[in-house]
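Here's the structure we're looking at; comments come further down.
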Amino acid sequence: MFKTLRLNPQQCALRGVTRSVAALCGLWVAGALSAHAGVLEDTAWRLAEFRSMSDEVGSLRPDTPRSVQLRFGADGSVSMQLDCNRGSGRWQLKPSADPSNGRIELGPVAATTALCPGNNLGEKFARDAPMLRGYSLREGRLALSLQADAGIYVFDPIPPQTSTANGGPRVWEVTDAPSGLNLRAAASASARIVSRFANGDRLDNLGCENLGGRLWCNVQQFGGGPVGYVAADYLRPAIAPDGTMPAGDDDSALRAGKADFDATGKVPCGDTWCEFGVARAGGGFATVVITRPDGRKRALFFRMGVATGADTAQADGYPEFSVSRKDDNYLIRVGSERYTIPDAVIYGG
C-alpha cells in the first residue's frame, strides 16, 4: 500500500501552478527552480545522520548505513529506501553561482507503510522531504537543510559501479563498518577473508560491480597490500587534503615521462637549486621530475598529497627513500640526495 505525504496549503502557497502535480498540491513551482540539476543527476546517497538544531534532539544516526538511501534520476525522479519501506517523488534544483550549493525541492513522497523496526529515520525523512530548502555538496558529502533551520540531513555517496577509467574515485575510505571491513578473495560474502580494514582506512579503487544483488569493489590498501573485494556499503570516496575528490585515472607519471608539465621552476636540492617540472592529476596526485646538477633526472611520486617514492633502480643501489614535513614543504631524501618540495608544486596555486 502507498501513502502520499502532501505539502500543506501554506507551503504550497509559496509556489506557482504546474499542471503535472496540481492534483497533489494546489500550488507547486513551475519554473521556479532551474533545470540545471547536473550536480545530482544519476547519483546515489545514504543517510549518515540528521543534525537537529535542538539540543534536546541532537544528532540522530540510522541503524545501519543502508537504512535510508536516495537515488536522483536524470528525469527528475527520486527513488528512496526508507528503512524497510520504499518511496518515490520528484526533485528539482536551483544552484547558486557556485553549483555545489543552492536550493532544492523534493516531494511530495509516495511510500509503502510497513511497520519497520529501529529508529525509523526513513519515515521521518519522508515527512520532512517537502520542507527541504537547501543543498550543499562539500568534501564528498551531500547536506540537505530544512526550512526555518529545523535541521540538516547529511548523506554519504553510495559508490558508483565504475572504475577510475570511467571517472570513478581513485581512492575509497572505509566508513561505518561496525567491526571492521573484510577483504575477501572473491566478490562473495562466503569467500575467504584475506585481510580486514578499519574505519578511516583508504583503499585504491580497482573497479566495482553488482554480483548476487550486492555491489562489490575490487580494492587494494592505499600504499600497497593484498588485492581483494569488499562490500561497497561501507565505502565512500576519499577526500584529498585540498578538499577535492580525486577521480579518473592518474596520468601524471605518463605525462611527466613525456615532459608534459603543468608547471616548471626551481626547488632546493641539497645546497643548491634544481630545475623541476610537475605533472598534476588533481587531488594531490603528481609526478615531479627534478634535473640534478650533474644533468641526471630524479622523479618523485605523490598520491593524495603523500610522497610515496622515487624512480630508484638497481643501478642506483636502491637508495633509501624518506620524507618528513616542515611548514608547507615536503623534505625528501633519496639516499644522499635532498629535495624540498613546497605544497604549491603538488597542488598548484
* Asked: Would you say Gly243 is free of Cβ contacts under 8 Å to residues at least 40 places away in the same chain, within 22 Å of Gly283 (Cα to Cα), open to solvent by less than 50 Å² (accessible area, probe 1.4 Å) and outside any strand (DSSP E or B)?
  -> no
* Structure fact -> Scanning segment 71-103 for residues that are in a loop (DSSP other than H, G, I, E, B) and hydrophobic (A, V, I, L, M, F, W, C) gives Ala74, Cys84, Ala97
* Asked: Within segment 255-264, can one find any residue that is assigned to a strand (DSSP E or B) and surrounded by 22 or more Cβ atoms within 10 Å (Cβ to Cβ)?
  -> no
* Which residue pairs have Cβ atoms closer than 8 Å, lie 6 or more positions apart in sequence or on different chains, and pair a first residue in segment 178-206 that is farther than 16 Å from Pro226 by Cβ and of a type outside the set (Asp, Glu) with a second residue that is part of a strand (DSSP E or B) and open to solvent by 50 Å² or more (accessible area, probe 1.4 Å)? -> Ser188/Leu211; Ser188/Tyr229; Ala189/Arg214
* Within segment 184-202, is there a residue that is of a type in the set (Asp, Glu) and farther than 30 Å from Trp91 by Cα? -> yes
* To do: Name every residue in segment 318-337 that is open to solvent by 50 Å² or more (accessible area, probe 1.4 Å), among the charged types (D, E, K, R) and in a strand (DSSP E or B), in order of residue number.
  => Arg325, Lys326, Arg333
* To do: Report whether or not Pro237 is under 30 Å from Asp201 (Cβ atoms) and touching a Pro at 6+ places or on another chain (Cβ under 6 Å).
  => yes
* Asked: Within segment 144-161, which residues are more than 10 Å from the chain's Cα centre (by Cα) and open to solvent by less than 30 Å² (accessible area, probe 1.4 Å)?
  -> Leu144, Leu146, Gly151, Tyr153, Val154, Phe155
* Asked: Of everything in segment 162-173 that's farther than 16 Å from Pro226 by Cα and in a strand (DSSP E or B), which residue is most open to solvent (accessible area, probe 1.4 Å)?
  -> Glu173
* Structure fact -> Of (1) of a type in the set (Asp, Glu); (2) in a strand (DSSP E or B); (3) crowded, with 17+ Cβ neighbours inside 10 Å, Asp250 satisfies every one except (2)
* Residue in segment 108-115 that is part of a loop (DSSP other than H, G, I, E, B) and either buried (at least 20 other Cβ atoms within 10 Å of the Cβ) or touching a Leu at 6+ places or on another chain (Cβ under 6 Å) (or both) present -> yes
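Residue by residue, here is whether (1) assigned to a strand (DSSP E or B); (2) surrounded by 14 or more Cβ atoms within 10 Å (Cβ to Cβ); (3) among the β-branched types (Val, Ile, Thr) holds:
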{"site": "Leu181", "(1), (2), (3)": "yes, yes, no"}
{"site": "Ser190", "(1), (2), (3)": "no, no, no"}
{"site": "Val194", "(1), (2), (3)": "yes, yes, yes"}
{"site": "Asp204", "(1), (2), (3)": "yes, yes, no"}
{"site": "Cys208", "(1), (2), (3)": "yes, yes, no"}
{"site": "Gly223", "(1), (2), (3)": "no, no, no"}
{"site": "Tyr229", "(1), (2), (3)": "yes, yes, no"}
{"site": "Ile239", "(1), (2), (3)": "no, yes, yes"}
* To do: Please state which one of Ala281, Ala299, Ala315, Ala307 is open to solvent by 70 Å² or more (accessible area, probe 1.4 Å) and either within 24 Å of Arg170 (Cα to Cα) or part of a helix (DSSP H, G or I) (or both).
  => Ala315
* Collect the residues in segment 105-123 that are within 17 Å of Asp42 (Cα to Cα) and in contact (Cβ under 8 Å) with a residue 60 or more places away in the chain, keeping them in residue-number order. => Glu105
* To do: Would you point out which residue out of Thr340, Thr291 is at pLDDT 95 or above, within 25 Å of Asp242 (Cα to Cα) and either in contact with a helix residue (DSSP H, G or I) (Cβ under 6 Å, 6 or more places away or on another chain) or surrounded by 15 or more Cβ atoms within 10 Å (Cβ to Cβ) (or both)?
  => Thr340
* Looking only at segment 186-194, decide whether some residue is farther than 25 Å from Phe155 by Cβ and in contact with a Pro (Cβ under 6 Å, 6 or more places away or on another chain). => yes
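The values are calculated or read from the model by the stated rules, or taken from the named source; none is laboratory data. Source: prediction; values computed, not measured. Glycine also receives a Cβ, built like all others from the backbone with ideal geometry; neighbour counts cover every protein chain displayed. The accessibility values were calculated without ligands, DNA or RNA, using every heavy atom of the protein model including side chains. Shrake-Rupley method; radii C 1.70, N 1.55, O 1.52, S 1.80 Å.
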